[in-house]
Amino acid sequence: MDGDPAVEPELDGFSRVLPLPYRVALIIVLGIWAWGLNLHYLSLIRIDVPSLIRYPSRSSPHHLPHHLSCYRIATFLSIPLALSLLLFWTLTNGSPADIAAWEILPNLYLLVLVVGFIAPLPFISRAGRSRTLATLKRISIGGIAEAADGKFGDILLADALTSYAKVLGDLFVSLCMFFSSSHSSTGPPNRNCGGAFWVPFIISIPSLIRLRQCVTEYFRVQRANAQTGSMSKATGWGGVHLANALKYSTAFPVIILSALQRSPEPDKYGVSETVLFRMWMVAVVVNSGYSFWWDVMRDWDLTLFSPRERKNPEYPFGLRRYRYFHAKEFYYAAIVMDGLLRCTWSLKLSPHLDHFNDLEGGIFTMEVLEVLRRWMWIFFRAETEWVRTHRGPAPDDILLGDVNSNRYDDSETDRSD
């Protein structure tokens, strides 16, 4: 399992400080802290996320709130990570040979992560752990619960996995190198480990999960309409789910064209490198643009791209009538950040960009930024779901059309200034 520094590529400076297994672990733990912050702040503005995702309620007032439980789990995972990192830095002191020799340390911590999620630890509620594992099992094959059984929670978790697509690919690479006789998992990342197929395939799994969920929802709407003999006003004919499935399918050309460019002989496919690059750029623009449009118009129900509604004098330009966040600037900042990071994340779905060893720090930074983008996205997505639940559902029969801000019940006052 230990690679020979004499034959491996030179280890870059960033990987000497944070080898690949530690980067994977750091981003996973960061995501747990971020989820705790989501729960915490949303509870402060009276948005009950656990009720939205049908998470088990607290049976006693003496039990910790959900966000404090999440912080406790994150703390439990952060302390051994910090100790492991300090021990690793002390033992290796930046030496490539020692870094390869002590690869067991970060991989032991990855084992701690797995045990932390699966084992019945005393500070993790049995109901919460069972619910989380059941949700992961269901969505791992593209399943999705009914609305009354926590469909929104399945969607949030599956969408979060799309932000961890590149991290899942790095986790596979790290484990592949650990069990390889010619590489060290703490050495220069070999993203061809296991062959040219596996890393692109693993990166595509989260999008495949969401694609199947969208198709499942479409057929549910069709069956419900067939049983009643008429089209439901609330769900329409299900076209919005097909449009959402199309959005997730736009990730596949980015991944496939990138994998072809990574091939040692891309010309053997009958297309020149220049043409492959241009096709890949078109795929990136389509994926980024469509995903950004969907975030703003459908996931957040904002009117920025609706010419008829965005200038409505009843609410700030491009937003919507009912808002739970105090300042309209929060929404505008979120739109700008989401647009910028959507573009960069589409680039990072591309395995062929990873062969630049001197960019390992940049790749890690983009993975962290994507987790932060998803953290920000969850605030507004949960707020939107809360508004839909308490003001009236969004009309799912609208397919790529204007989202009518008047769909909500006018009987309640606006919380925004």
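The values are calculated or read from the model by the stated rules, or taken from the named source; none is laboratory data. Predicted model, so just to flag it, every value in this text is computed and none were measured. Positions of Cβ are generated from backbone atoms using ideal geometry, with glycine treated the same way; all protein chains shown enter the neighbour counts. Just the protein is used for accessible areas: all its heavy atoms, side chains included, with ligands, DNA and RNA removed. Shrake-Rupley method; radii C 1.70, N 1.55, O 1.52, S 1.80 Å.
Structural remarks
- Once both labels are positioned 7 Å from their Cα atoms along Cα-to-Cβ, the gap between residue 12 and residue 146 label points is 5.0 nm.
- Of the chymotrypsin sites (Phe, Trp or Tyr not before Pro) in region 135-231, the ones in a loop by DSSP (not H, G, I, E or B) with at most 13 other beta carbons within 10 Å are 179, 197.
- With 27 Å as the limit on Cα-Cα distance, the pairs of 137/166; 137/328; 151/247; 166/328 that go past it are 137/328; 166/328.
- Across the accessible surface of region 41-122, with the other protein chains kept in place and a 1.4 Å probe, carbon and sulfur atoms take up 71 percent.
- Estimated translational D of region 238-327 in µm²/s (Stokes, Kirkwood radius over Cα pairs; 25 °C; 0.890 mPa s): 156 µm²/s
- Peptides 135-148, 26-39, ordered by how many other C-beta atoms sit within 10 Å of their residues on average, highest first, read 26-39, 135-148.
- Descending semi-axes in Å of region 51-194, equivalent ellipsoid built from Cα gyration tensor: 34, 21, 11
- Exposure rank, largest accessible area first [182, 207; 1.4 Å]: 182, 207
- Lys, Arg +1 and Asp, Glu -1 on Cβ, resulting dipole of region 70-228 about Cα centre, debye, nearest 20: 540 debye
- Separation of region 142-182 from region 277-313 is 25 Å, based on Cα centroids.
- The heavy atoms of residue 129 present about 40 square angstrom of accessible area, all protein chains included, probe 1.4 Å.
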